[in-house]
Structure formats: structure tokens, C-alpha cells
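K.L.:
Quick one: this structure, given as C-alpha cells, is what I'll be asking you about.
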Amino acid sequence: MPSPTDGSEPTPPAPSATELARAVDALRAGRLVAFPTETVYGLGADAASSSAVGHLYAVKGRPGGHPVIVHLASADQLEDWARSVPEPARILTAAFWPGPLTVVLPRTSRVPDEVTGGRDTVGLRVPDQPVALALLRAFGSGVAAPSANRFGRVSPTTADAVREELGDDVDVVLDGGPCTVGVESTIVELSGRDVTVLRVGGLPLEHLEDVLGRPVRRGQSGPSRAPGMLESHYAPDCRVEIVGADDLTARRAELEADGRRVEVLVPSRDAAADARLLYRRLREADALGADVVLAVLPVEEGLGAAIADRLRRAAGPRDPRRRDATGY
Ligand code: TXA
Ligand code: MG
């Protein structure tokens, strides 16, 4: 049983040159490498290789048609993967890369269909994490990486969580310590002057709008726009229930009277810390044998918007195969 953590344990030593070389060799051989980013751990494969990306989908248990993000070492590589890059994309990548922003742009012919789920666009980002950047520089090409969890489950924010999720199915796990942002990147689709948000995330929309000098369009989220925006996602084994702050005590008492083991997630005054620890707390609730997590939503500004979005999805209707007889 894990001890409660505040996410502030020291960063482990950076992977050695030998470990990095092993990771690069694995990628070149079409195998999988889990690596830290500032948002969540990614499960990486050579983005230019259809078969490597096919293997990635199989391990993740992800249905086809779900595009993955291609991670780059620097914005200089943008044009290898995207064509007709509009001005707002240049402005946003200059301002926020490396960082928790993914841009969706028309793809070049280098991008295999497996990466894009057959779409004409590709999602690209430069992560702000030293181990990730060292790997990407050493590999020298794009790394396709979804979050390093099985499909539909909570994203891992530590190397241990990756090992628990994927076990021997991952060839190399690079440890970069706990992720500093803790929720996935913000995804925007860019076309001409249009900037459409497909997923709220680690980069607050207010920061995007400040840099662009205008409001951005909140896209219709849902499987057709950005698969992964399914109703139920980011879910632990235990049930997650959203509750108003005023109803928390009564609801907790009711569930406990019923014999349920309850964990509680309430917003603090530090949204960045809440984001950093969100997935870890959901994983810990499972490890503690909780039946229900009662979650109070934060105010939906800044990182609060991403936290609220993930909690709603964690509370969303589940695949019936994942429920036990009691509905929990
Ligand atoms: O922070 C992150 O973005 C993490 C780290 C590892 O970088 N990655 C991540 O990947 O969250 P994943 O695969 O779990 O989520 C990627 C999301 C999916 O919702 C997918 O639909 C969307 O990105 N996406 C990727 N390419 C897209 C495209 N061409 N069009 C629309 N959505 C796209
Ligand atoms: Mg994911």
C-alpha cells in the first residue's frame, strides 16, 4: 500500500548515456520506450514506422482510428511532419514550446496512417522535460506517444505507475521522476486563422488567448474531433462521483453507512499542485481499496478547467465490462 504522497519527492538521477542509448536502439528496432514528459508519461514508438506504431496500439489496447501525438525535439522539425503551417501555429509554438501544447496541423507524407488514424492532420508537440528532450534529440526523429496507460485508464505520472500499468509489455522505462504538470497537454487544431481547442489541458486557455490577443474557439469535444475525448476516460477502478462542496459530508456519511470505503478529492488553493497530483490520487484511491472517490470540482479557470474535465470523464459512464455486480 503506498504512503500518501505530495509529489515532491526528489527527481531521480538522469538516465545514463547507456540507458539513453538502449532506449534509442529500442525505438530504432520498432520497440516501445516509456518516457517522462512534463504532463504525463508517454509510451513511445518510432513515429515514421507503421509497424512500430501498430505494436504501440496493440500494447495500449487502443482501438484503431485513434490518432497519437508525435513528439519532437524542437520546433525546427515541425515542417518535416506538418505542411502549410499557419501564422497562429508559429506564434503559439514560439511562445509555448517546449511545453504542454499540442498543435494539430495538416500532415506531410512522412506521417504514416497509423499515427493519424487515417486523418489528414497530425498532432505535434515538443515536451518540456529534460529526459524526454534528451531522448528525442538522440533519436533525431519524431516519437509517437500516447499516455503510457492501457486504453481508458488513468494516465501515469511516475515511472512506477508506468510499470504497474504495462509491466513487461514495455521494453524500456526511462525514469524522470514525477511529472511536474500532471494533466495531458492542451490540444488545438489550426487551420488558417482558426484556432479550435480539442482538449483542455496543461496549458491554460487564458495563456493561449493572451498570446493570440483574441478568444479561441472551444471545439466540440467528442470522439469524432479528438478521440480520447470519450465520455468515460482517465478512470480508476473505483467509482468516481462528482459532488457539490455543500453535499460532501452528507454523501460521504451515506456511502460509509452503506459500508463503502470513500476517498475524497477537494480543490486546494493551488490548482497547479492539484493538477500535478490528480492522477496519482486516483491511483492511490485504488491502491487503498476505495469503492468511491467523491470529487468536488474546482473553479473552471486556468488549470482548474483541465482538472474538472478529467474528473468529469473519470466519473463518466463506464464500459459495463469494468463494473462489478454492485455497479461500483
Ligand atoms: O500530454 C500529452 O499530450 C501526453 C504526453 C505523453 O505527451 N499524450 C497524450 O496522448 O495525452 P494520448 O494519445 O493519450 O492523447 C492524445 C490525444 C487524443 O485525444 C487524440 O485524439 C488527440 O490527441 N489527437 C492526436 N492527433 C490528433 C489529430 N490529428 N486530430 C485530432 N486529435 C488528435
Ligand atoms: Mg491518454
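Read the figures in this text as sums done on the coordinates, not as results from a lab. Not measured: the values here are computed from a predicted model. Virtual Cβ from ideal backbone geometry, glycine too; neighbours counted across all protein chains shown.
K.L.:
Before rounding to the nearest 500, sum -39500 (n - 2.57) across all DSSP H runs of length at least 4 in the chain and divide by the residue total; then give [θ] at 222 nm in deg cm²/dmol.
P.N.:
Rounded to the nearest 500, the figure is -9500 deg cm²/dmol.
K.L.:
For the stretch 10-110, rounded, prolate or oblate, judged on the Cα gyration tensor with a ≥ b ≥ c (square roots of eigenvalues), a/c < 1.5 rounded, else prolate if a/b > b/c?
P.N.:
Since a/c reaches 1.5 but b/c is at least a/b, the shape of the stretch 10-110 is classed as oblate.
K.L.:
With a 10 Å cut-off between alpha carbons and a GNM built on the chain, which of 210, 286, 46 moves the most?
P.N.:
Comparing 210, 286, 46 in the GNM, the peak value goes to 210.
K.L.:
Now, a different point. Starting from the Cα of residue 138, move 7 Å in the Cα-to-Cβ direction to define the label point; list residues of the stretch 18-62 whose amide nitrogen is under 13 Å from there.
P.N.:
The answer is 18-28, 33-36, whose backbone nitrogens lie closer than 13 Å to the label point.
K.L.:
Could you tell me, in Å, what Rg and Dmax come out for the Cα atoms of the stretch 58-142?
P.N.:
12.8, 37
K.L.:
In whole percent, what relative contact order does the stretch 261-314 give with Cα contacts below 8 Å and a gap of six or more residues?
P.N.:
Worked out over the stretch 261-314, it gives 44 percent.
K.L.:
Test of understanding: what is the full-extension gain from residue 254 to residue 22, defined as 0.36 nm times their sequence separation minus their Cα-Cα distance?
P.N.:
In short, 78.3 nm is gained.
K.L.:
Could you tell me what percent of the DSSP beta bridges with both partners in the chain are antiparallel, to the nearest 5?
P.N.:
If I count the DSSP bridges inside the chain, around 45 percent turn out antiparallel.
K.L.:
Among DSSP bridges having both ends in the stretch 111-268, what percentage is antiparallel? Round to the nearest 5.
P.N.:
Counting only bridges with both partners in the stretch 111-268, antiparallel ones make up about 60 percent.
K.L.:
A further question on this structure: How much net charge surrounds residue 247 when only other residues with a Cβ under 15 Å from its Cβ are counted (Lys, Arg +1; Asp, Glu -1)?
P.N.:
Counting the neighbours of residue 247, the net charge comes to -2.
K.L.:
Let me ask something else. Sort 187, 242 by Cβ crowding within 10 Å, fewest neighbours at the top.
P.N.:
Going from sparsest to densest Cβ surroundings: 242, 187.
K.L.:
Now for a different question. Between residue 50 and residue 110, how many nm apart are label points set 7 Å from Cα along the C-beta direction?
P.N.:
1.9
K.L.:
Could you list log10 I(q)/I(0) for the chain at q = 0.10 Å⁻¹, which the Debye formula gives when each Cα is one point scatterer?
P.N.:
Each listed q maps to, in turn, -0.55.
K.L.:
Within a 10 angstrom radius of the beta carbon, how do 151, 139, 35 rank from fewest other beta carbons to most?
P.N.:
Arranged by neighbour count, lowest to highest, 151, 139, 35 become 151, 139, 35.
K.L.:
Compute, for the stretch 50-119, the length of the dipole vector about the Cα centre, with Cβ point charges of +1 (Lys, Arg) and -1 (Asp, Glu) only. Units Debye, rounded to 20.
P.N.:
Here the size comes out at about 200 debye.
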